[in-house]
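Working notes, structure below.
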Amino acid sequence: MALDLDIDRIREVVDEGVRDKVYPGAVWAVGDRSNMAIGMPGVLDPDRPDEPMRHDTVFDVGALTEVLAVWPVIGSLVEDGTLGLDEKLDGFWSQAYGHPLGRATIRHLLTHTAGVPLRAEQPRDIRDGVLHEAVHRPPGEAVEYTDRDAVVLGQLAEDLCGRSLDVLAATRVWQPLGMTRTCYGPLPGETAARCAPTELDDATGSRLRGTAHDSPAHLPGGVRGSSGVFSVLPDLAAFLRHLLQPGHGGARPGFGPAWVQESLRIRTGDLTPPGGLFWHPAPETDGIWTPHGSPGAGVWLSPQQGRWAVLLTNELYYTRDPAPIGHIRDAFRSRAFA
C-alpha cells in the first residue's frame, strides 16, 4: 500500500532551504515498514555545482550519534541483564566511586535528569572530568539536555564490555541491521569524497568532509558517545524500520521491542520538558518522537501512525545559527506526519 503523503508540500519546504541558502542540499525520506518516498534537492558543495545530492550521500549526523550508538548499546546491556536502569553508578562502576555523579542512575542519564553540567569541550573533560566534577544539581531534580549524558554512558559501556564504543555499536547494532555504511569518522579518502562538506576547518582553511564537525570528536580515534558518527539515508531507514517493527526481515540486533517500548514513553514524571529514554515527544505533536539531534540531521518516529521520517542536510556549510534550519525541520515534520 502506498504512503498517504502530500509529497509536493514536503518537497516545497525542503527545496525552500536550498533556495534560501539554509543548506547547499538535502536528502529526505518519509516511510513506513515497507515503503518510502525520498527527495534529494541541491548539491553537495556550491563550489562543485555538478555534484548533486544522492540517496547514498554520507552525512556527519552529529548528536544523532547518541541514539545510533549509545542508546541501542545501553539497551542491549539492559536487555541481557548486564545493567539495571535504577542502579546507581557508584554501586557497580569503579570510576564513579566517591564522586558526585555516582549517585545518579542509568535512568537519570537516559532521561537527562542526572544533573551533570553542560557540554564537555576539553580532552580531559571527555574521560575524567565528566565523571569526577561536581554535579550541576541533584539527580532527578530537573530535565536538562547535555551531551555529557551520552559521553558517560558510552564510557560505561566500554568499561563493562572491554571494547570500544564503535566496535560495540557495529557488532550489536549496525551490522545486524545491515547498516553497512554507518561508522565513526574520520572517513577514508574514497568515502569522504562522497560526504557532504560542512564548515571550514580553521587549521586547514578547507571544508570538513569526512571529519566530524564537533570539536571533541576531533580527538584521537574520533569515538565519543555524543558525536562522530557518519551515516546514509538507507541505513537510517533500516534503523527506524526496526524501531517500528523489531525483527522485521530477520534482523537481530542486541536490542528489541522491550527496549523500544521502554524508551518511547514519558519517563520524566511531572518534570518538564517531558521525555523518554534519549527520545522525547516532538513539541506540539501527538505521539511523534525524536532524539536530541543536530539541527541538520533529524529523525522522527510515530509508532501510532507506523511512520518515520529523516531529514539530512549540511546546513553548517553556511552557518551555526540554528534558527533557519529549525524552521525547515518543523515544517518538514509537520508535513511528513500530516
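The values are calculated or read from the model by the stated rules, or taken from the named source; none is laboratory data. What you see is a predicted model; the values in this text were computed from it and never measured. Positions of Cβ are backbone-derived with ideal geometry, glycine not excepted, and every protein chain shown enters the neighbour counts. The area values use the complete protein model at the heavy-atom level, side chains included, leaving out ligands, DNA and RNA. Shrake-Rupley method; radii C 1.70, N 1.55, O 1.52, S 1.80 Å.
Name the one entry in Ala331, Ala251, Ala323 that is touching a His at 6+ places or on another chain (Cβ under 8 Å) and open to solvent by 10 Å² or more (accessible area, probe 1.4 Å).
The match here is Ala251.
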Restricting to the stretch 66-112, name every residue that is in a helix (DSSP H, G or I) and more than 21 Å from Trp279 (Cβ to Cβ). Leu89, Asp90, Gly91, Ser94, Gln95, Ala96, Pro100, Leu101, Gly102, Arg103
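Only residues that are polar (S, T, N, Q) and more than 15 Å from Arg224 (Cα to Cα): list them for the stretch 133-171, please.
Here is the first cut: in the stretch 133-171, the ones polar (S, T, N, Q) are 146, 155, 164, 171.
Matches in the stretch 133-171: Thr171 only.
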Against the definition (in contact with a helix residue (DSSP H, G or I) (Cβ under 6 Å, 6 or more places away or on another chain), β-branched (Val, Ile, Thr) and over 22 Å from Leu101 (Cβ atoms)), how does Thr182 come out, yes or no? yes
With of a type in the set (Val, Ile, Thr) and more than 22 Å from Leu200 (Cα to Cα) as the only criterion, which of Val18, Val30, Val58, Val22 stands out? Val30
Please identify the pairs in which a residue from the stretch 193-208 that is β-branched (Val, Ile, Thr) has its Cβ atom under 7 Å from the Cβ atom of a residue that is surrounded by 10 or more Cβ atoms within 10 Å (Cβ to Cβ), counting only partners at least 6 apart or on another chain. Thr198/Asp60; Thr198/Arg207; Thr198/Leu208; Thr198/His213; Thr198/Asn314; Thr198/Leu316; Thr198/Tyr317
Selection status of Ala37, open to solvent by 10 Å² or more (accessible area, probe 1.4 Å), farther than 20 Å from Leu5 by Cβ and not in a loop (DSSP other than H, G, I, E, B): no
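List the helices (runs of 4 or more DSSP H) that sit entirely inside the stretch 131-238 and contain at least 3 residues that are open to solvent by less than 40 Å² (accessible area, probe 1.4 Å) and not charged (D, E, K, R). Break it down into steps so the answer makes sense when it comes.
Values: elements: 148-161, 165-169, 189-192.
Once the helices (runs of 4 or more DSSP H) in the stretch 131-238 are filtered for at least 3 residues that are open to solvent by less than 40 Å² (accessible area, probe 1.4 Å) and not charged (D, E, K, R), what remains is 148-161, 165-169.
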Residue pairs meeting the criteria (Cβ under 6 Å; at least 6 apart or on separate chains; first closer than 16 Å to Asp270 by Cα, in the stretch 94-116; second polar (S, T, N, Q)): Thr111/Thr268
Six or more apart or on different chains, Cβ under 6 Å: which pairs go from a residue in the stretch 234-248 that's closer than 16 Å to Trp28 by Cβ to one that's of a type in the set (Val, Ile, Thr)? Could you list them? Asp235/Thr182; Leu236/Val310
Suppose the filter is touching a Ser or Thr at 6+ places or on another chain (Cβ under 7 Å) and buried (at least 22 other Cβ atoms within 10 Å of the Cβ); does Gly296 pass it? yes
Matching residues, the stretch 155-184, being of a type outside the set (Ser, Thr, Tyr) and over 25 Å from Arg241 (Cβ atoms): Gln155, Leu156, Glu158, Asp159, Leu160, Cys161, Gly162, Arg163
The stretch 46-65, residues that are open to solvent by 10 Å² or more (accessible area, probe 1.4 Å) and either part of a strand (DSSP E or B) or acidic (Asp, Glu) (or both): Asp47, Asp50, Glu51, Pro52, Asp56, Asp60
Return yes or no: is Ile10 open to solvent by less than 10 Å² (accessible area, probe 1.4 Å) and over 20 Å from Arg207 (Cα atoms)? yes
From the set of residues in the stretch 17-33 that are touching a residue at least 12 places away in the same chain (Cβ under 8 Å) and over 22 Å from the mean Cα position of the chain (by Cα), which is least open to solvent (accessible area, probe 1.4 Å)? Val18
I'd like to know if the stretch 66-84 contains one or more residues that are crowded, with 23+ Cβ neighbours inside 10 Å, at pLDDT below 95 and aliphatic (A, V, I, L, M). no
